[in-house]
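Okay, structure first, notes after.
Nothing in this text is a laboratory measurement; each read-out follows from the coordinates by a stated rule. Note that this is a predicted model, so its numbers are computed, not measured. Neighbour counts are summed over all protein chains in view; Cβ atoms, including those assigned to glycine, are modelled from backbone coordinates with ideal geometry.
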Amino acid sequence: MTGLLLRLAGPMQSWGDHSTFSVRDTCTVPTRSALLGMVAAAQGRRRGTPLGDLTALGFTVRVDRPGTVMSDFHTVGGGLPAERTVPTAEGKRRPAGSGTVVSHRHYLADAVFTVAVTGPDDLVDQVHADLTRPVWGPYLGRRSCPVEQPFLLSGPVPDAVDRLDHLPLNRRRPIGDVDVVPVDFVTETPGAEGSTGRMTLNDVPVEPPPSAAVPTPRRHLHGRRYLAREVHVTTRELPARSCAGTGLDYLDRLAEHLRGARP
């Protein structure tokens, strides 16, 4: 199968896993539901549109920089008169003096991920065309988190997952005489080498109501449903020379690699 290579970087990212209205969490890695949503947005699909034709897509995530979890204490509607307070679910307004809505929103700051998107050739070709000319621009989990360029690193290429081993790492090289650096890979199947752990994500979109035989899914406040899946986190050692730094140093190195100047 062919695949695409994406770079997910920006000042902030947020990949919700079990969010409620008042607490908006973030996973430490991009979720499947968010990545499918990114593709669907590029295609111009509106919220609630079925995504069944995208289920053949697979995602392998390389963690260039894990980032730092930060929390935003968020308020809406404080100090407003009754006619301008936050609407309620019934379409009315909250009483004056009690209109403040408080939420805690969590983000990843300064994180960078490189993602191999794989699938059948015709589907990958279509996704590449959609991401090249998106109807709605990509964002990193929330619309307040725009994606940094470069974003789409390659067109359809064979062995996209294997190419993650060779793309420059968007991180600084460790100080000292270091030959290798540990890098985490998040996959849907166990890694062939390295130390592997597992974690559960509630990020598989479900379209029809589940039958009694299907585990109860997480339900989003807009009616979307998500089932849990297990992913594998494999820590592998890559050559320290793969570390290309940050800023212009990284961009220059990446451009050289994509032009074929580096193996």
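Numbers at a glance
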| item | result |
| --- | --- |
| Flag for Val135 being crowded, with 18+ Cβ neighbours inside 10 Å and not basic (Lys, Arg) | no |
| Selection within segment 146-158 - over 14 Å from Leu35 (Cβ atoms), in contact (Cβ under 8 Å) with a residue 40 or more places away in the chain and assigned to a loop (DSSP other than H, G, I, E, B) | Glu148, Pro150, Leu153, Ser154, Gly155, Pro156 |
| Scan of segment 159-194 for residues that are charged (D, E, K, R) and in a loop (DSSP other than H, G, I, E, B), ordered by number | Asp159, Asp165, Arg171, Arg172, Arg173, Asp177, Asp179, Glu188, Glu193 |
| Meets criteria (more than 19 Å from the chain's Cα centre (by Cα) and closer than 24 Å to Thr2 by Cα) for Leu123 | yes |
